[in-house]
Amino acid sequence: MNERELRALSRDVVRGLGMLSSHCGEVALTPVEAHLLIELEDGPASNQQLADRLRVDKSNSSRPLQRLLERALIVWRADPADGRSKLAELTDAGREWLARLHAAMDADMGRVLAQLDEAERSRLADGLNLYRRALRQAERQQGFSIRPLAAADNGPLAALIRRVSAEYGLGEGCSFQDPQLDALFPVYNRLGSRYLVVGGADGRLLGGGGIAPLAGGEKGVCELQKMYFDRALRGRGLGRRLLRQLLGKARALGYRQCYLETTAALSEATGLYRAEGFVELGERWGATGHDGCEIRMALEL
């Protein structure tokens, strides 16, 4: 699937759900009004809080909230935590309308699910959860970009690796002690090697990772090397995205296996490698020189 195909599929789903209609089925609520009532089901909220949850501009939630107020479906209460702010709250009439909305929408979804058997329903849930995760990660990754390593990155990359190594208390026998650390561009600017970096909106280098032929290893085996992320990047899904891009490049270069060495101190990275299919090995491969890394893993490409 490419970008245009995903957009077309998303449009079809939006249309099928009636999100372009002025009513939610037989209930006289616009889609935004319906979403606002559903959000208020869990308790009062301010206009800004509701706008943030619906990912709309505050002005685009203000007008629907005013319409709900005029129909006595919500009321505004003073915020006990901030006397200058007001919270929208459902009225009894609002709860009745919300119950009608749920019943109508559940009936619509029931007709959809009736077209699927249990295995298809499970596949649908997996696909929608995957789509939702991708949407959230894309939002968290705004302002960050992945690009190839450049010669000008030598100093910032070395500083990043030393900074993160110190943060995690890495000791002897780890990659931050490699003699070529201050000049990594020529190391990866050669046949069979790649290095990608992650930059912030301000252009600052905040992460990176690379692949290269495994030193002293069999032909067709690459090593995942020097994957370090500044704390500003963590929890955004950029590690998984970078790793998958590197593995894709390894496959394109004809590698059959990817090997790596790490340490228990880098628990987030180790968890990512396991989640992406790397398995632990009983013995070391090749001659990396990183004796301080007690965990060895490999992935069939």
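When you scan the stretch 261-301, how many residues do you find that are out of contact with any strand residue (DSSP E or B) (no Cβ under 8 Å at 6 or more places or on another chain), closer than 19 Å to Cys222 by Cβ and in contact (Cβ under 8 Å) with a residue 40 or more places away in the chain?
2
Do we find a residue being under 22 Å from Ala103 (Cβ atoms) and either touching a strand residue (DSSP E or B) at 6+ places or on another chain (Cβ under 9 Å) or assigned by TED's automatic domain parsing to the domain that holds Asp92 (or both) anywhere in the stretch 56-64? Please lay out each step first, then the result.
Taking the stretch 56-64 as the starting set, the residues that turn out to be under 22 Å from Ala103 (Cβ atoms) are 64.
If we keep only those that are either touching a strand residue (DSSP E or B) at 6+ places or on another chain (Cβ under 9 Å) or assigned by TED's automatic domain parsing to the domain that holds Asp92 (or both) as well, we get 64.
Looking for residues that are under 22 Å from Ala103 (Cβ atoms) and either touching a strand residue (DSSP E or B) at 6+ places or on another chain (Cβ under 9 Å) or assigned by TED's automatic domain parsing to the domain that holds Asp92 (or both), one finds at least one in the stretch 56-64, hence yes.
State yes or no: is Ala134 in a helix (DSSP H, G or I) and either modelled with pLDDT of 95 or more or surrounded by 12 or more Cβ atoms within 10 Å (Cβ to Cβ) (or both)?
Considered against the rule, which asks whether it is in a helix (DSSP H, G or I) and either modelled with pLDDT of 95 or more or surrounded by 12 or more Cβ atoms within 10 Å (Cβ to Cβ) (or both), Ala134 comes out as yes.
Anything in the stretch 69-90 that is farther than 14 Å from Glu33 by Cβ and part of a loop (DSSP other than H, G, I, E, B)? List them, or say none. Quick ask: steps written out before the conclusion?
Within the stretch 69-90, the first condition is being farther than 14 Å from Glu33 by Cβ, and the residues that meet it are 75-87, 89.
Across the stretch 69-90, the qualifying residues are Pro80, Ala81.
Give the residues of the stretch 148-169 that are within 22 Å of Arg194 (Cβ to Cβ) and hydrophobic (A, V, I, L, M, F, W, C), sorted by residue number.
Leu149, Ala150, Ala151, Ala152, Leu157, Ala158, Ala159, Leu160, Ile161, Val164
Are there any pairs with C-beta distances below 7 angstrom linking a residue in the stretch 146-165 that is hydroxyl-bearing (Ser, Thr, Tyr) to a residue that is outside any helix (DSSP H, G or I), with the two at least 6 apart or on different chains, and if so which?
From the stretch 146-165, the pairs are Ser165/Cys174.
Please count how many residues of the stretch 121-139 are closer than 21 Å to Arg111 by Cβ and either of a type in the set (A, V, I, L, M, F, W, C) or in the same structural domain as Arg240 (by TED's automatic domain parsing) (or both). Even if it seems obvious, please write down each step before you answer.
Initial filter on the stretch 121-139 (closer than 21 Å to Arg111 by Cβ): 121-125, 127-128.
Filter once more, keeping what is either of a type in the set (A, V, I, L, M, F, W, C) or in the same structural domain as Arg240 (by TED's automatic domain parsing) (or both): 124-125, 128.
Counting residues in the stretch 121-139 that are closer than 21 Å to Arg111 by Cβ and either of a type in the set (A, V, I, L, M, F, W, C) or in the same structural domain as Arg240 (by TED's automatic domain parsing) (or both) gives 3.
From the list Ala159, Ala166, Ala152, Ala119, exactly one residue is in a helix (DSSP H, G or I), at pLDDT below 90 and either surrounded by fewer than 16 Cβ atoms within 10 Å (Cβ to Cβ) or more than 27 Å from the chain's Cα centre (by Cα) (or both). Which is it? If you could, list the steps in order and put the result at the bottom.
Details: Ala159 fails: at pLDDT below 90; Ala152 fails: at pLDDT below 90; Ala119 fails: at pLDDT below 90.
Every option except Ala166 fails the conditions.
What's the total number of residues in the stretch 246-278 that are basic (Lys, Arg) and touching a Lys or Arg at 6+ places or on another chain (Cβ under 8 Å)? Even if it seems obvious, please write down each step before you answer.
Filtering the stretch 246-278 down to residues basic (Lys, Arg) leaves 249, 251, 256, 274.
Those still in the list that are touching a Lys or Arg at 6+ places or on another chain (Cβ under 8 Å) too: 249.
Residues meeting the conditions: 1.
Given the stretch 192-291, what strands (runs of 3 or more DSSP E) lie entirely inside it while holding 3 or more residues that are buried (at least 20 other Cβ atoms within 10 Å of the Cβ) and touching a Cys at 6+ places or on another chain (Cβ under 8 Å)?
In the stretch 192-291, the matching strands (runs of 3 or more DSSP E) lie at 221-229, 257-262.
Please note which helices (runs of 4 or more DSSP H) are completely contained in the stretch 1-68 and include at least 1 residues that are at pLDDT below 90, within 24 Å of the chain's Cα centre (by Cα) and aromatic (Phe, Trp, Tyr).
Numbers: elements: 3-16, 31-40, 47-54.
Filter on the stretch 1-68 gives an empty set.
Which members of the stretch 56-76 meet the condition of being over 21 Å from Ala104 (Cβ atoms), surrounded by fewer than 19 Cβ atoms within 10 Å (Cβ to Cβ) and aliphatic (A, V, I, L, M)? Show your work before the answer.
At the first step, the residues of the stretch 56-76 found to be over 21 Å from Ala104 (Cβ atoms) are 56-63, 65-66, 69-70, 75-76.
Those left that are additionally surrounded by fewer than 19 Cβ atoms within 10 Å (Cβ to Cβ): 56-60, 62-63, 66, 69-70, 75-76.
Hits for the stretch 56-76 are Val56, Leu69, Val75.
Please enumerate the residues belonging to the stretch 137-149 that are among the aliphatic types (A, V, I, L, M) and in a strand (DSSP E or B).
Narrowing the stretch 137-149 to residues among the aliphatic types (A, V, I, L, M): 138, 146, 149.
Residue satisfying the conditions is Ile146 alone.
Can you pull out the residues in the stretch 190-207 that are out of contact with any Lys or Arg (no Cβ under 7 Å at 6 or more places or on another chain) and closer than 21 Å to Gly289 by Cα?
Scanning the stretch 190-207 gives Arg190, Gly192, Ser193, Tyr195.
Is it true that Ala125 is part of a helix (DSSP H, G or I), under 21 Å from Ile38 (Cβ atoms), hydrophobic (A, V, I, L, M, F, W, C) and over 29 Å from the mean Cα position of the chain (by Cα)?
no
Conditions (1) of a type in the set (A, V, I, L, M, F, W, C); (2) touching a residue at least 40 places away in the same chain (Cβ under 8 Å); (3) surrounded by 15 or more Cβ atoms within 10 Å (Cβ to Cβ); (4) touching a Phe, Trp or Tyr at 6+ places or on another chain (Cβ under 8 Å), marked per residue:
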site: Arg4; (1), (2), (3), (4): no, no, no, no
site: Glu39; (1), (2), (3), (4): no, no, yes, no
site: Leu54; (1), (2), (3), (4): yes, no, yes, no
site: Ala78; (1), (2), (3), (4): yes, no, no, no
site: Ala88; (1), (2), (3), (4): yes, yes, yes, yes
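The values are calculated or read from the model by the stated rules, or taken from the named source; none is laboratory data. None of these values were measured; they are calculated from a predicted model. When we count neighbours, we look across all protein chains shown, and the Cβ atoms used for this are built from the backbone with ideal geometry, even at glycine.
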